[in-house]
1. Filter the range 189-202 down to residues that are outside any strand (DSSP E or B) and crowded, with 20+ Cβ neighbours inside 10 Å, then give me how many there are.
2. Only residues that are of a type in the set (S, T, N, Q), modelled with pLDDT of 90 or more and within 21 Å of Thr206 (Cα to Cα): list them for the range 262-294, please.
3. State all residues of the range 289-345 that are small (Gly, Ala, Ser), surrounded by fewer than 24 Cβ atoms within 10 Å (Cβ to Cβ) and within 18 Å of the chain's Cα centre (by Cα); if no residue qualifies, say none.
4. Restricting the first residue to the range 15-40 and requiring it to be free of Cβ contacts under 8 Å to residues at least 60 places away in the same chain, which pairs with a second residue that is open to solvent by 70 Å² or more (accessible area, probe 1.4 Å) meet a Cβ separation below 7 Å and a spacing of at least six or different chains?
5. Name the residues in the range 220-279 that are crowded, with 20+ Cβ neighbours inside 10 Å and of a type in the set (S, T, N, Q), would you?
Amino acid sequence: MSTNDRIPLYQQIQDYIRHVITQENMKPGDRIPTEKELMDQFQVSKITVANALTGLANEKLIARVPGKGSFVAEEADDSASMTSSQANTMKGREGTLSTGMIGIIVPSIHDYFAIRLVEGIEQALRDEGYRSMIMFTHGKVDKEKDVIKEMKALGAEGLLIFPVDEENYNEEILGMKLSGFPFVLMDRYLPGVETHYIAADGRRGTRLAVEHLWELGHRDIAICSDSPLQTVTVQERIEGYIEALKGKGALINPAHMITDFQPLTELKEAEAHPLYRYIQNRMVTAYVSLNGRLGVQIYQMAKQAGLRVPEDVSIVSFDDPTSIVEEFSIFTHVKQFERDMGYRAAAKLLEVLRGHGETKSYSKMLIEPELVVRQTTGTVPQA
């Protein structure tokens with residue numbers, strides 16, 4: 001294996017550009033190789049090249065002009081003679097030289113919750129002159145461990161983590177806590193482990209959903225989760241559901257807490273799914289879904305079973321699952337202010353990085369959710 005094989009591709013590109021500027025004695029305003037030339041030379045994607053150029057621009061080595069290309073910057077100095085790895089490890093009076101990069105670790109961006117969360121993070125980082133690198137765990141704790149190691153190796157100054165639902169803690173997260181590496185958890189936390197985290201108040205969210213349905217006359221209300229594990233997030237929302245019903249003087253029916261089933265992968269398989277039979281038999285008049293994807297599936301299964309929404313059955317979903325433009329959504333949903341969550345998580349991490357955050361205590365930020373009433377809830381159907 002060559003030395004280059006162990007250096008990330010974006011750093012190889014940066015080192016190449018530094019070499020070109022130095023060897024060709026380039027002056028401020030001289031054009032460096034184009035993105036297309038770099039993509040062809042290194043056989044990489046445009047994203048990899050863009051990451052490399054963004055890093056050099058943040059170091060004031062080059063200036064990027066939209067539509068025209070990248071040029072040697074007016075402020076370029078002796079940093080052109082250093083490799084990227086040298087720049088990342090160089091020490092100064094304040095410690096390690098800032099890379100200006102924050103790592104964002106999320107399971108995926110297949111839903112609007114994650115998209116809005118990342119939008120909020122990006123806004124906060126842009127406002128403070130930081131850049132980001134996003135990696136996905138695909139819901140696997142082993143992948144999460146690998147991604148954390150890789151982010152740190154690439155020079156991330158801190159991490160924003162939407163952690164994987166698992167019964168066992170990720171040792172890498174525990175290790176960062178013990179070593180003092182800056183990170184903030186988003187949407188969920190590790191019980192018994194003190195860390196910075198931000199999440200919406202899940203108990204409050206389900207209480208809002210149940211109270212709304214109760215006012216519409218619903219008395220048989222199911223709560224549904226397709227999470228394979230009884231995670232902290234799921235448990236808190238179920239606790240809110242129980243508290244809301246107890247507050248109305250209702251009996252708790254364990255059969256209406258539907259959590260022991262596998263996620264539906266394809267709608268054509270719906271009729272064999274236990275949740276479909278539950279819906280078809282009209283066991284309840286309303287459903288509270290603990291995530292947006294499942295809310296859509298309940299809606300689709302109800303229609304497939306010949307039921308109308310909301311005339312025959314009402315649905316409240318956590319998060320808006322159908323539209324990034326909220327005015328065009330049809331779902332009554334518990335709004336968790338994902339953009340604000342992401343923005344505040346990033347702001348907290350930057351505060352810690354700058355030494356303004358508490359060193360011996362951790363912030364536990366809970367966002368107050370709101371219920372947005374749209375078209376998937378209505379009065380209880382008459383017998």
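The values are calculated or read from the model by the stated rules, or taken from the named source; none is laboratory data. These numbers were taken from a predicted model, which means no experiment stands behind them. Every residue, glycine as well, gets a Cβ built from its backbone with ideal geometry; the counts of neighbours run over all protein chains shown. We work out accessible area using only protein heavy atoms, side chains counted, and drop any ligands, DNA or RNA first. Shrake-Rupley method; radii C 1.70, N 1.55, O 1.52, S 1.80 Å.
1. 2
2. Correct list: Thr285, Ser289.
3. Correct list: Gly292, Ser323.
4. Final answer for the pair search is Thr22/Ser81; Pro28/Glu74; Glu35/Lys46; Met39/Lys46.
5. Within the range 220-279, Ser225, Thr233 meet the criteria.
Residue by residue, here is whether (1) modelled with pLDDT under 95; (2) over 25 Å from Leu245 (Cα atoms) holds:
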| position | (1), (2) |
| --- | --- |
| Val296 | yes, no |
| Val309 | no, no |
| Val316 | no, no |
| Thr322 | yes, yes |
| Glu326 | yes, yes |
| His333 | no, no |
